[in-house]
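Where a number appears in this text, it was derived from the coordinates with a stated rule and is not lab data. Note that the structure is a prediction, hence the values are computed from the model and not measured. All Cβ positions, glycine included, derive from the backbone under ideal geometry; neighbour counts span all protein chains shown.
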Amino acid sequence: MRGARLHGVIEVRDDFDRRTYRLMYTTTFDEAIYALCAFPKKATSGIKTPKRLLALVEKRLRDARVIHAFEARQ
């Protein structure tokens, strides 16, 4: 994804049963993949992800970094 704050986040889009779904995840950690957010796209036009969801992904990415660092010390 674009932007330094979301560096390493990958977005997957898929259509099923006439709806579009998105999944955002990161693989920037050794031995772990963190799914950060998954949701159906609700807007009928436009492709931009809502800012509130991007903020949620950013927060979860920060949390994943903390969790992964803690787990690595164990």
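Summary of values
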quantity: Count of the range 25-58 residues which are under 19 Å from Gly3 (Cβ atoms) and exposed (fewer than 10 other Cβ atoms within 10 Å of the Cβ); calculated: 5
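Each row is one residue, and each column tells you yes or no for (1) within 14 Å of the chain's Cα centre (by Cα); (2) outside any loop (DSSP other than H, G, I, E, B).
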residue: Asp14; (1), (2): no, yes
residue: Met24; (1), (2): yes, yes
residue: Tyr34; (1), (2): yes, yes
residue: Ala38; (1), (2): yes, yes
residue: Ala43; (1), (2): no, no
residue: Thr49; (1), (2): yes, no
residue: Leu54; (1), (2): yes, yes
residue: Lys59; (1), (2): yes, yes
residue: Arg62; (1), (2): yes, yes
